[in-house]
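The values are calculated or read from the model by the stated rules, or taken from the named source; none is laboratory data. Since the model is a prediction, treat every value here as computed from it, not as a measurement. Using ideal geometry, Cβ is built from the backbone for each residue, glycine included, and neighbour counts are taken over all protein chains shown. For accessibility, only protein heavy atoms count, side chains too; no ligands or nucleic acids. Shrake-Rupley method; radii C 1.70, N 1.55, O 1.52, S 1.80 Å.
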Amino acid sequence: MMTNTLHIFKHNDKQHRNGHQLWRRATVLLFLFFLPFLSSNIHAQCTVKGVLFDENNGEAIPFANVVLFERDPSGVEKQTPHGCATDINGFFLINKVKEGTYTLKVRYVGYEEYSEEITLQKNRSVTKTIHLKPAAQMLKAVEITDSKKEERQMQTQVSVQKITSSQIQQMPSIGGTADLAQYMQVLPGVSSTGDQGGQLYIRGGSMIQNLCLLDGMVVYNPFHSIGLYSIFETDVILNANIYTGGFGAEYGGRMSSVMDISTRDGNKRHHSGKLGINTFGASLILEGPLKRESATSKTTISYLVTAKNSYLSKTSDILYSYVDGSLPFDFLDLYGKLSFNSGSGSKINFFGFRFDDKVTQYQAIADYHWQNYGAGTNFMLVTGASAILDGSVAYSKYNITLDDGSAYPKYSEIGGFNANMQFTNFFGANKLKYGLSIEGYTTDYQFVNSYGKHISQHEPSTNLSIFATYNLHLGRWIIDPGVRLMYYATLSSPNIEPRIAAKYNISPDLRLKLAGGFYSQIFLDARSDNDIVNLFNGFLTGSADLNLPSSFRGDDITSCVQKAKHAVIGIEYDITDHITLNAEFYYKGFDQILNANRNKIYDDGNTSDYASPSSPYYKPEYLRKDYIIEQGIATGLDFSARVDLERLYLWATYSLGFVQRTDELQTYNPHYDRRHTVNLLSTYALGEQREWELSARWTFGSGFPFTQTQGVFEQLLFPGALVSDYTRENGEYAMHYADLYQGRLPSYHRLDLGVKRKFSLGARSVLELSLSATNVYSRQNIFYFNRATFERVNQLPILVCFGATLTF
């Protein structure tokens, strides 16, 4: 008799062969569908393209508005429908323009408006390299608002937050510096474990379902165990796109959310840096040109190096001795980047990183350590009059260990490469983007559940995918249809994943938007559901060797691929030029989720055991299989209100969420099901040059679910079987748990305050002093609870931090 695992996959061998045929047919259909768009690019047309740079440091300027104006017969200058926004590399391309004379205008927040007259001739393109001058004075709030409104009107922007370094720095500088981790915690739809733990859950998805990319490279854990810091240095973040759901076809391999982080290039004009030091840690940035732009060559070469570390384990004994226990949070983040830029849009970058996080002997947690390192390259090539090619190749490796004092330390490792290549073709206001990607990685996992049963895996996997999206402007409609073809080669499993996003501009101030699609992944989470606030999240891979049940609630299990579908509908409303409201309702349906079997108490055995009536084979599968099948839903409402005045910035968010899982035995709310989340953020600038900045943040989150302890008892093991003497035998300390996740932790809330003062020390030197406090009223928020010792560890109490940064 074969095992159930072999039964599942051999039984479906014919289906896998059909899957290969489906994959080939879908690829051909995808090519034929977009062929008219590709061929239409050969028609005669006028094109203007170029790149925007900052005049001071030579850095590319993304998301600037580039528009063509022309004069009517009476000589009045009017805006044409021809325009676009620069991409992440500062590149812009406007085509399908009639020949003639136009005025090219460029606008971006914080820079002087650029204007130049150009003449377009038939069948020819004009290439411009533009250096924008930083504005001598801050733009008025209405000018800033107009620029942002144009962007909202021209892009779908459903369930996405576009974050820049300057936005992150509006946060109170908790821990001496504002950080992406702190900013993400105030985004609608995001739930955090708090200021310790470093775990974020996005719209009902677990951490394993979130994709994180750094310059195109996969990063497996972007947050440190002290939840105030991410691995990213704030000052080098060019842009961060946070997709909380309904993301487009260019992303795949995860089924909940995407974090796409891009770093800027090093300074192309002069050598510079930034040194920061505070009571929590220190940071250093060094950058500069290795080859400057000259009159004979626009090519530049620049470098960028960052280092960031925490020495809180050393300073806490002196400065924060009142904290219960110590604060042994140590990390070291290193990142380097070398950029070659042609000056006309084409470029190539080489980068590498090493991120290390360690918690040593922290009260009830014991030792916790993870490390992530990698290297790669990304590039962009302007290939013709109306097309660009970009891509990346990278390798990264991540491992994590948790020794919680039990006899079974937990360990997980994942490492491998990812490569992608994509083309973008421009058709006037419309744009076609298509490409392919490949991933190869190996997971290594060791875990023991609460019943002492060992679960392990060492599994290599390969994923292939192709995608296409088309950005279409039809009057007031903006539509982004797309499709991704995923092929999980190890499983011989193809998946067709259609996606769509759309926006309808009801009026200049009111917009309706929607998005949806199908998603899949083969990574699965493995953690102890009995832990109260779990720190360990291991990586497992769905494979044909997984010890899965043969059915789920009466339906046969035919695949290890996990699948989900998203639906989002929302509305944007600009009440005034300075006040914007945004509301989104979302639904995520998880059709199949794999999870480590928390109920396993029997070994599954082998074929030789099946003849015995006492064989585990005859026990229910949910008591002997290593993994189980689940289904789930996540639904909710996210609301945000933004006030953006000249000196005052206010942001308020509220999220109502509901997450539910169903396994073979029960329906429950998982550990990250948070019903209510509220965030209030304010920033106010003072002084003639806005050299003072006051900031405040208050956050509230209702309690997470947890599994309660029903009782404790002595468990006898009967090592001698029938000859064991239970009257003399010493048993083991054991627990009896209540129903899964029926308890709720106390609610979490805290107030953070910050103040900054800038001092100009010269043309390019600025000293900034900061004073901040986290958890001002010292709320006792729970962090961890040890069931064996009944010790409770709280989150951070009030911590006051002083810091200084010198830009030179």
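For the range 149-165, a residue qualifies if it is surrounded by fewer than 18 Cβ atoms within 10 Å (Cβ to Cβ), at pLDDT 85 or above and assigned to a helix (DSSP H, G or I), but none of them does. Restricting attention to the range 700-749, the residues being open to solvent by less than 50 Å² (accessible area, probe 1.4 Å) and over 28 Å from the mean Cα position of the chain (by Cα) number 11.
Condition first: closer than 25 Å to Phe427 by Cβ and under 37 Å from the mean Cα position of the chain (by Cα). Can you find one or more residues in the range 110-123 that meet it?
No, the range 110-123 contains no residue that is closer than 25 Å to Phe427 by Cβ and under 37 Å from the mean Cα position of the chain (by Cα).
Would the range 299-307 turn up any residue that is modelled with pLDDT of 95 or more, open to solvent by less than 20 Å² (accessible area, probe 1.4 Å) and hydroxyl-bearing (Ser, Thr, Tyr)? The answer is yes, given that some residue of the range 299-307 is modelled with pLDDT of 95 or more, open to solvent by less than 20 Å² (accessible area, probe 1.4 Å) and hydroxyl-bearing (Ser, Thr, Tyr). With respect to the conditions (1) over 28 Å from Ile277 (Cα atoms); (2) charged (D, E, K, R); (3) buried (at least 18 other Cβ atoms within 10 Å of the Cβ), Arg787 lacks only one, and its number is (3).
Tell me, which residue of the range 106-125 that is assigned to a strand (DSSP E or B) and of a type in the set (Asp, Glu) is surrounded by the fewest Cβ atoms within 10 Å (Cβ to Cβ)? In this case the residue turns out to be Glu117. When the residues of the range 401-455 are filtered to those that are modelled with pLDDT of 85 or more, within 18 Å of Asn221 (Cα to Cα) and of a type in the set (A, V, I, L, M, F, W, C), the one that is most open to solvent (accessible area, probe 1.4 Å) is Phe417.
For the range 175-188, a residue qualifies if it is of a type outside the set (Ser, Thr, Tyr) and either open to solvent by 10 Å² or more (accessible area, probe 1.4 Å) or touching a Cys at 6+ places or on another chain (Cβ under 7 Å) (or both), and the qualifying residues are Gly175, Gly176, Gln185, Pro188.
Apart from one condition, Leu228 fits all of (1) buried (at least 23 other Cβ atoms within 10 Å of the Cβ); (2) part of a loop (DSSP other than H, G, I, E, B); (3) at pLDDT 95 or above; the exception is (3). Considering only residues in the range 65-94 that are in contact with a Phe, Trp or Tyr (Cβ under 6 Å, 6 or more places away or on another chain) and closer than 14 Å to Val106 by Cα, the one that is surrounded by the fewest Cβ atoms within 10 Å (Cβ to Cβ) turns out to be Gln79. Of all residues in the range 279-297, those satisfying the criterion of being under 16 Å from Ser230 (Cβ atoms) and either open to solvent by 10 Å² or more (accessible area, probe 1.4 Å) or touching a Lys or Arg at 6+ places or on another chain (Cβ under 8 Å) (or both) are Gly281, Ser283, Ile285.
Among the residues making up the range 171-192, those that are polar (S, T, N, Q) and modelled with pLDDT of 80 or more are Thr177, Gln182, Gln185, Ser191, Ser192. Beta carbons closer than 7 Å, at least 6 apart along the sequence or on distinct chains, pair a first residue in the range 599-626 that is under 28 Å from Met735 (Cβ atoms) and among the acidic types (Asp, Glu) with a second that is outside any loop (DSSP other than H, G, I, E, B) and modelled with pLDDT under 75 for Asp603/Pro616; Asp604/Pro616; Asp626/Ile455.
Within the range 312-342, being aromatic (Phe, Trp, Tyr) and closer than 15 Å to Gly227 by Cα holds for Phe329, Phe331.
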